[in-house]
Amino acid sequence: MVASIDKFLVDNVDDLIPSDSKFGLPELHYAMQALMENEDSTISWVNELEDQFANRMGVKYAIACNSGTSGLHAALYAANIFEGCEVIQPALTVVMDAYATIYLGGVPVFTDINSETWNIDIHEIEKKITDKTKAIIVVSLYGLPVDINPIMDLAKKHGIIVIDDSAQSVLSYYNGKIAGTLADMGVFSFENSKHMTAGSEGGMIITNNSEFAKKARKFAGIGYKNLTATAGRTSLASSVFQNPEYERFDTIGFNYRMNRISAAVALGQLERIDVLTMRRKIIGEMFLTAIECCDWLKPQFIPVNCSHSYFTFGVLYSGDIYRGINWKDFYHRYKSLGGDGFYACWKNPYLEPSLKGKIFGGVTLINGLCPIAEKYQKKLMLFKTNYRNMDVAERKINILSKMIDDIGR
């Protein structure tokens with residue numbers, strides 16, 4: 001049956017997969033194979049994805065989850081975050097890092113950013129460390145690796161665990177190593193907009209620490225007692241569990257497991273990850289060329305020891321100051337000329353309605369906590385890099401470049 005499906009897919013791939021689709025033949029092949037298997041199949045798509053991802057990242061353990069957010073939750077649990085523990089995290093990122101902290105009763109400690117890289121600032125981290133600090137979440141923002149080595153040195157000095165939120169960073173490099181692999185744990189997202197996806201939602205925790213891996217896996221796997229760092233089984237021979245004395249769970253956990261169809265899609269994406277990521281990197285470089293010599297569009301500074309994987313291409317906008325054109329007018333002008341528009345930065349986590357005004361660890365979440373992050377949030381423009389057609393990407397970027405020329409660089 002599988003062979004006939006393969007032939008059918010090959011013969012009909014142009015009809016089944018549009019040329020501008022994010023998905024290719026491997027994803028379709030694996031997803032159909034997973035769908036057509038019976039319950040007795042010996043293939044574990046989730047285990048295969050974990051093994052392949054760990055191998056690609058060069059780490060010992062990988063734990064698949066149903067989202068990046070659940071991965072953060074499980075990683076913080078593995079780091080032994082509980083009621084009252086402080087978790088330092090950047091003030092320029094999505095709110096989910098804070099949510100994952102709060103889920104466990106922890107205290108999110110929002111920390112300002114470096115004005116050049118827009119990633120969390122180690123000097124600000126150092127100011128925020130107390131005897132309650134148990135973890136630091138760093139974020140490799142928009143695909144630019146955080147300067148992790150000094151942060152790891154600082155954390156080791158204080159006995160703090162570091163989690164790298166690499167949701168937006170796949171195959172970025174720091175000192176020749178894949179970003180996300182140098183912290184105590186890394187967490188990736190496979191949501192549909194990311195470099196690679198599981199079709200809709202998905203995530204992965206990576207680590208070289210067997211205890212962290214085991215705790216994260218149990219927490220994300222409903223607490224099955226037989227789960228281990230490298231997986232284990234949640235289904236056993238009937239002669240084992242058809243027994244009133246059999247005990248299944250030894251940990252209170254959540255059902256954050258990835259399903260096999262998502263794993264099959266993600267496995268196909270992983271096979272093509274170099275191509276998918278390289279395309280974004282090329283488009284990012286095209287944007288850099290387009291804004292050359294423009295004093296009022298400033299990109300992230302990329303240190304010489306880092307490579308950017310461009311989940312998005314971000315610029316800090318000062319056209320309101322230098323050209324008298326505000327953010328929204330620039331947006332509408334670009335759209336009117338045929339550009340795709342661009343995204344604004346999320347609100348600072350503590351200024352989202354769900355958190356603003358609340359008190360954590362004696363700190364009221366209000367404007368003014370992290371001045372640089374708050375200033376940049378209002379000025380960032382985030383251009384899409386996930387074009388599947390390079391001709392379209394070039395056309396859109398050329399519109400931007402000509403518009404900048406008309407305004408004046």
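The values are calculated or read from the model by the stated rules, or taken from the named source; none is laboratory data. These figures come from a predicted structure and were not determined experimentally. As a convention, Cβ positions derive from the backbone with ideal geometry for all residues, glycine included, and neighbour counts pool all protein chains shown.
The residues of segment 317-362 that are β-branched (V, I, T) and free of Cβ contacts under 8 Å to residues at least 12 places away in the same chain amount to a single one, I359. Going through (1) farther than 23 Å from N209 by Cα; (2) modelled with pLDDT under 95 one by one, N47 falls short only on (1).
Conditions tested, residue by residue: (1) more than 25 Å from the chain's Cα centre (by Cα); (2) in the same structural domain as Y173 (by TED's automatic domain parsing); (3) crowded, with 17+ Cβ neighbours inside 10 Å; (4) assigned to a helix (DSSP H, G or I).
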site: Q269; (1), (2), (3), (4): no, no, yes, yes
site: M278; (1), (2), (3), (4): no, no, no, yes
site: E285; (1), (2), (3), (4): no, no, no, yes
site: E292; (1), (2), (3), (4): yes, no, no, no
site: F301; (1), (2), (3), (4): no, no, no, no
site: I321; (1), (2), (3), (4): yes, no, no, yes
site: K328; (1), (2), (3), (4): yes, no, no, yes
site: Y331; (1), (2), (3), (4): yes, no, yes, yes
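Filtered by the rule that a residue be without any contact (Cβ under 8 Å) to a residue 12 or more places away in the chain and among the charged types (D, E, K, R), segment 47-68 gives a lone residue, D51.
The residues in segment 90-118 that are under 15 Å from the mean Cα position of the chain (by Cα) and more than 15 Å from P349 (Cβ to Cβ) can be counted, and the count is 0. Of the residues making up segment 165-205, those that are outside any loop (DSSP other than H, G, I, E, B) and out of contact with any strand residue (DSSP E or B) (no Cβ under 6 Å at 6 or more places or on another chain) are K177, I178.
With the checklist (1) closer than 18 Å to V94 by Cβ; (2) in a loop (DSSP other than H, G, I, E, B) in hand, flag the one item M381 doesn't pass. Looking at each condition in turn, M381 falls short on (2).
Of all residues in segment 338-391, exactly one satisfies the criterion of being basic (K, R), surrounded by 15 or more Cβ atoms within 10 Å (Cβ to Cβ) and under 16 Å from V107 (Cα atoms), namely K356. One residue stands out in segment 303-316 among those that are touching a residue at least 12 places away in the same chain (Cβ under 8 Å) and of a type in the set (A, V, I, L, M): the one that is surrounded by the most Cβ atoms within 10 Å (Cβ to Cβ), namely V315. As for segment 113-135, it holds no residue that is crowded, with 24+ Cβ neighbours inside 10 Å, part of a helix (DSSP H, G or I) and not aliphatic (A, V, I, L, M). Within segment 125-159, the set of residues being within 17 Å of the chain's Cα centre (by Cα) and free of Cβ contacts under 8 Å to residues at least 40 places away in the same chain comprises V146, I148.
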